[in-house]
1. Scan region 146-165 residue by residue and report those that are within 19 Å of the chain's Cα centre (by Cα), within 16 Å of residue 362 (Cα to Cα) and in a loop (DSSP other than H, G, I, E, B).
2. Does residue 93 count as part of a helix (DSSP H, G or I) and surrounded by 14 or more Cβ atoms within 10 Å (Cβ to Cβ)?
3. Applying the selection to region 258-302, what residues are surrounded by fewer than 20 Cβ atoms within 10 Å (Cβ to Cβ) and either within 18 Å of residue 491 (Cβ to Cβ) or outside the structural domain of residue 328 (by TED's automatic domain parsing) (or both)?
4. Filter region 108-136 down to residues that are touching a helix residue (DSSP H, G or I) at 6+ places or on another chain (Cβ under 6 Å) and surrounded by fewer than 16 Cβ atoms within 10 Å (Cβ to Cβ) and give me whichever is farthest from residue 412 (Cα to Cα).
5. Pick from 145, 153: which is outside the structural domain of residue 415 (by TED's automatic domain parsing) and farther than 24 Å from residue 290 by Cα?
6. Would you check which residues across region 408-435 are farther than 18 Å from residue 167 by Cβ and under 16 Å from the mean Cα position of the chain (by Cα) and list them?
7. How many residues, within region 28-43, are touching a residue at least 12 places away in the same chain (Cβ under 8 Å) and surrounded by fewer than 19 Cβ atoms within 10 Å (Cβ to Cβ)?
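The values are calculated or read from the model by the stated rules, or taken from the named source; none is laboratory data. The structure displayed is predicted, hence computed values, not measured ones. Cβ placement follows ideal geometry from the backbone for every residue including glycine, while neighbour counts extend to all protein chains displayed.
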């Protein structure tokens, strides 16, 4: 057996343990009884240490060195690159830090579920400070190993190759035109009459609607399911995708659009190449590319008038409101494209959404770099929400700086991927439109050609290409934020 083959075998074993961890994590967030958290956290911490040991096994260094001398195909070379990158990331961290981060993250995330609803910043702050302290240690170690800044070393885990220097340019550009665009759109929309759908919308009916839309979008229920959690997410593994959402009986569109968003993630996972299953090269390219798929489904496709023409009759039938003008296709389209600055990121419209991401990016960047402390977050959050969106969050931690799950487990560097994903999605859709009449396909209830393009150009590539290579091969150019701005202007001012 060649050294490359030995590495493949080793990483497939590692993938199977990560598979178990993913399902246990999903269960902890959605099904586990409250009293099981301490034992589950300890078990997951033990598993995290064990998988870290596998990933840092002493023999791997020699195997990588020998494998690089072997005659490998281009795909195998890409596979070796991704395995080595995963190994290098892991060998940088001591086991003691991995275990401490797992325990601190589980404790913080579990307590956050209750603390958020109670607006309990003080107790959350105490837990978050431990997570931040450990994340700073990780960032310092990774910075020393890579030569990157501390925050860039964390960003690189989610968006390889992306840096704060690039992000600052992209986000400063967005800040230069976004406030004026929001004002123009709101002025235009003030002339429109929109009816707010009135609840209650029964959860069972909402779930049925969600499942119908998941079917329309090609979700494979033989390899996945949907459940309920405090914070919507898509987890599990490609052969067993676990989606969750949260339902609000007063507003069925919130859960519905969340489900469509997570379905985009799920289709990406389910579309990854079977030939590279259980290997790093067979995983999603980056979180920005992952978000591009969810946002292409949620924003590019499902908020279009043509898609809502498909959705509305199903909603009317399931909610038994055939004559409700609020559930007409035209009204749902207008309702789903309202632009209104508000508190909650996951419920934000696509125009104001980048502002939510930029403020989180700016805070977490400075937090990891040691320029600010956890105690500074509420004040900075309110200042930036007021400046970017005109929304005051003073004293409102529930709908302010405690609303996201990401920081509870130390996922610093993740947030930029959301807006990068929106930009990738707009660029991908622009390329799709060059090859086919997207609106006509949706109108004809024939989304297959769109999914085929995504499978050919994105899903099947997995991590065989770098992010830039993937985007250039799919669209003819690297990331170009102008497509995102053009999309917003066309949809909301056109």
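1. 162, 163
2. In short, no.
3. Across region 258-302, there are no qualifying residues.
4. Only one residue fits best here, namely 123.
5. On the way: 153 fails: farther than 24 Å from residue 290 by Cα.
On inspection, the qualifying residue turns out to be 145.
6. Listed by number, the residues that qualify are 408, 409, 410.
7. Of region 28-43, the ones touching a residue at least 12 places away in the same chain (Cβ under 8 Å) are 28-31, 37, 40-43.
Restricting the remaining residues to those that are surrounded by fewer than 19 Cβ atoms within 10 Å (Cβ to Cβ) gives 30-31, 37, 40, 42-43.
Within region 28-43, residues that are touching a residue at least 12 places away in the same chain (Cβ under 8 Å) and surrounded by fewer than 19 Cβ atoms within 10 Å (Cβ to Cβ) number 6.
Residues are listed down the side, and each one gets a yes or a no for (1) surrounded by fewer than 18 Cβ atoms within 10 Å (Cβ to Cβ); (2) in contact (Cβ under 8 Å) with a residue 24 or more places away in the chain; (3) within 23 Å of residue 487 (Cβ to Cβ):
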| position | (1), (2), (3) |
| --- | --- |
| 171 | no, yes, yes |
| 174 | no, yes, yes |
| 195 | yes, yes, no |
| 228 | yes, yes, no |
| 246 | yes, no, no |
| 255 | no, yes, no |
